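S.K.: Take a look at the following structure, please.
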Amino acid sequence: MEPYGTPHNTIPFHKIKFEDYEEAFMEGIRRDNEEIAKIINNPEKPTFENTITVEDLSNGPHYYDLLDRVSTVFSCMMSADTNDKMEALAQKLSPILTQHANDVIFNKKLFQRIKYVYEHHGELTPEEKMLLNKNYDAFVRSGALLDDDGKDKLRILTEEASVLTLQFSQNLLKENKAFILHIKEKDKLEGLPDTAIDAAALAASERKLEGWVFTLDYPSYSPFMSYSTQRDLRKQMYMARNTECIRDNDTNNLKICQRLVNLRREMAQLLGYETYADYVLKHRMAGNVSNVYKLLNDLIAAYKPTAIEEVKAIEAKAKAMEGDHFELKPWDFSFYAHKLQMEKYNLDAEMLRPYFQLDKVINGVFGLANKLYGITFKENKDIPVYHPDVKAYEVFDEDSSFLAVFYADFYPRDGKQSGAWMTGFQGQYINRKGENIRPHVSVVMNFTKPTELKPALLTLGEVETFLHEFGHSLHGMLANTRFESLSGTNVWWDFVEMPSQFMENYSTEKEFLRTFAFHYQTGEPIPDELIDRILKSRNFNVAYACLRQVSFGLLDMAYYTQKKEFTEDIIPFEKEAWKDAMIIEQLPDTCMTVQFSHIMAGGYAAGYYSYKWAEVLDADAFSLFKKNGIFDRKTAHSLRENVLSKGGTENPMTLYKRFRGQEPTIDALLIRNGIKKA
């Protein structure tokens, strides 16, 4: 509630105590209400300046932005460093915060002022018009035009949905952390690489156990499924992961998912849409349901024949090793896929780890940003962080001016969600004094931890993950817009993944790998012939991986195109929904939906197709760099000026065409994946 007195006004994590959160939330709500009262009681005629920008520019270090700041910190901690007390407080606050949000959105006087400006505004810049439309649409799409009965009903639905999405996430985190595979006999570790064994020993010692502990966190789970020769233990791990939140206990998510699907359908229909997908897609590049299905079905048509051949090859490899009687099961797929990859390319993730020391990868990624955009990173240990694992950097532009604060949180721990994400503690905007308030962004990941004997060594997949989240952070750090709610990653959700997936392209570029990939013991650069094997193996199982993503998109759309009450059993419904994209056996007693945070609790409901939509864009964009040079500053400058710095100030296709000179086609993706010849 006071000036922070920290470098660049960064969050004073070292001063924040658990007891501070609730008080700050309540004071934030009070200040919010006070400022809204000033707006609606203003006797002057509503204008863009006294009604629209007053609200948006509150999102900065001002008196009345407290609620935004505490919400940002609290939600970040709920994902990156939570505990039982935080979880309980979140349950308590969720209905209060939802009620406050509804009080704002259903404030008739406030909406009437916004509506008046919407209908009577004078000449506006494209960015101002986008902000006005976004404000007006936010109210309309949240029920401002409904009658009192409709508003009351929508309020009830949104408050219930808020509670259930939180419960969904908490249940999943509890289930994930509840399981461990505790191995006491050394012979049960057969096949596993040293990095996995060392990490498991560390996990055991942290729990004060003898032997080795494997968990469902990706850095532990993935190597186990790819390398362990113990088929029974692979099955145990697979079934533990794929039966999370469907067991008969208090962390079961089946009914929660069913209710969330119905709540969202009811909300959409109350607002005049036939389905929730129709509601969501009005503000997406795809535009409508038929365009989403066209993309997904085009990808199935293009990739399925190749995916079938990929799976047949893995089945043949398994039978060659185990005998014709052998029946490939889902917990076998990664293991025999790895064996086939070794046979074809003599390459696996563990062979590359020694060349991907995390500290060197960080330098490589920062160096890539410097080559493209001229920006530099400098660690500043005076910037407070929320956990000792977190590093904080100052970022400077090519003219040496301060650009951003960048936080990096790399390792898994108790109280941290699995996966990887980018978030922000402060967005970029220009205040009333004309000062360009620079952003504070953060990337959070779950990489293999260092041990007493080895530094943190990454797989190529983890390098790709780093580049992906770093791409999101660049979108935030390079933002240069007037309004915070339009800056950085505040874009339509089927465009937001383009800058992140674009950066992944560099992970297999020889010129980039040579800048940082040195053996952690010898200092020798990664050999050319190993890079060649990476390039040759780049599209190994690419069609199967594509269809996996498409299957998630189909499942998402199946739920959110429901027109009537959804009463079907989740598990069989799931199997039917994605069957056209499935190649391998679907087990009847497993379920993805109940752990599918993206579409149930993460904001991607009716939007998971966005990853493939953006992949078309990123492949098309990178093809221009391949033509002009992967580090070409002129092309990078165009991408920065026309796309990355502009946020959501204009329609994303307008921004993209300004950079690319044309609309994207699927051809670049098909060529990159080897499905089509150049």
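S.K.: I need a count of the residues in segment 203-234 that are in a helix (DSSP H, G or I) and within 28 Å of the chain's Cα centre (by Cα).
M.R.: 12
S.K.: Confirm whether Tyr273 is touching a helix residue (DSSP H, G or I) at 6+ places or on another chain (Cβ under 6 Å), open to solvent by 30 Å² or more (accessible area, probe 1.4 Å) and assigned to a helix (DSSP H, G or I).
M.R.: When the stated conditions are applied, Tyr273 does not pass them.
Every residue, every condition in (1) under 24 Å from Leu164 (Cβ atoms); (2) of a type in the set (Asp, Glu), yes or no:
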| residue | (1), (2) |
| --- | --- |
| Thr82 | yes, no |
| Ile96 | yes, no |
| Phe111 | no, no |
| Glu128 | no, yes |
| Tyr136 | no, no |
| Arg141 | yes, no |
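S.K.: Same structure again: Any residue in segment 621-636 that is on the phi > 0 side of the Ramachandran plot sitting within a Cβ distance under 9 Å of a residue that is among the hydroxyl-bearing types (Ser, Thr, Tyr)? List the pairs, counting only those 6 or more apart or interchain.
M.R.: Qualifying pairs under 9 Å: Gly629/Thr635.
S.K.: Tally up the residues in segment 435-456 that are within 17 Å of Leu486 (Cα to Cα) and out of contact with any Ser or Thr (no Cβ under 7 Å at 6 or more places or on another chain), please.
M.R.: Qualifying residue count, segment 435-456: 5.
S.K.: Would segment 296-310 turn up any residue that is assigned to a helix (DSSP H, G or I), farther than 25 Å from Glu504 by Cβ and open to solvent by less than 40 Å² (accessible area, probe 1.4 Å)?
M.R.: No, every residue in segment 296-310 fails to be assigned to a helix (DSSP H, G or I), farther than 25 Å from Glu504 by Cβ and open to solvent by less than 40 Å² (accessible area, probe 1.4 Å).
S.K.: Scan segment 182-192 for residues that are open to solvent by 20 Å² or more (accessible area, probe 1.4 Å), closer than 12 Å to Phe224 by Cα and not acidic (Asp, Glu) and jot them down.
M.R.: Hits for segment 182-192 are Lys188, Gly191.
S.K.: How many of the residues making up segment 376-390 are of a type in the set (Val, Ile, Thr) and more than 17 Å from Gly424 (Cβ to Cβ)?
M.R.: Final tally of qualifying residues: 1.
S.K.: Could you check, for segment 584-596, whether at least one of its residues is open to solvent by 20 Å² or more (accessible area, probe 1.4 Å), in a helix (DSSP H, G or I) and modelled with pLDDT of 95 or more?
M.R.: The answer is yes; a qualifying residue exists.
S.K.: Next question, about the same structure. Pick from segment 127-181 the residues that are open to solvent by 50 Å² or more (accessible area, probe 1.4 Å) and under 21 Å from the mean Cα position of the chain (by Cα): which of them is farthest from Asn262 (Cα to Cα)?
M.R.: Among those that are open to solvent by 50 Å² or more (accessible area, probe 1.4 Å) and under 21 Å from the mean Cα position of the chain (by Cα), it is Lys177.
S.K.: Follow-up. If I go through segment 396-421 residue by residue, how many of them are open to solvent by less than 40 Å² (accessible area, probe 1.4 Å), farther than 23 Å from Gln357 by Cβ and outside any loop (DSSP other than H, G, I, E, B)?
M.R.: 3
S.K.: Here's a follow-up. Take Asp20 and tell me if it is modelled with pLDDT of 95 or more and open to solvent by 20 Å² or more (accessible area, probe 1.4 Å).
M.R.: Taking the combined requirement at face value, the residue satisfies it.
S.K.: Please verify whether Ala101 is small (Gly, Ala, Ser) and either within 22 Å of Phe139 (Cβ to Cβ) or over 31 Å from the mean Cα position of the chain (by Cα) (or both), treating the condition exactly as stated.
M.R.: Yes, satisfied.
The values are calculated or read from the model by the stated rules, or taken from the named source; none is laboratory data. Model, not experiment: these values are computed from the prediction. All Cβ positions, glycine included, derive from the backbone under ideal geometry; neighbour counts span all protein chains shown. Accessible surface is based on the protein model in full, side chains and every heavy atom, while ligands, DNA and RNA are left aside. Shrake-Rupley method; radii C 1.70, N 1.55, O 1.52, S 1.80 Å.
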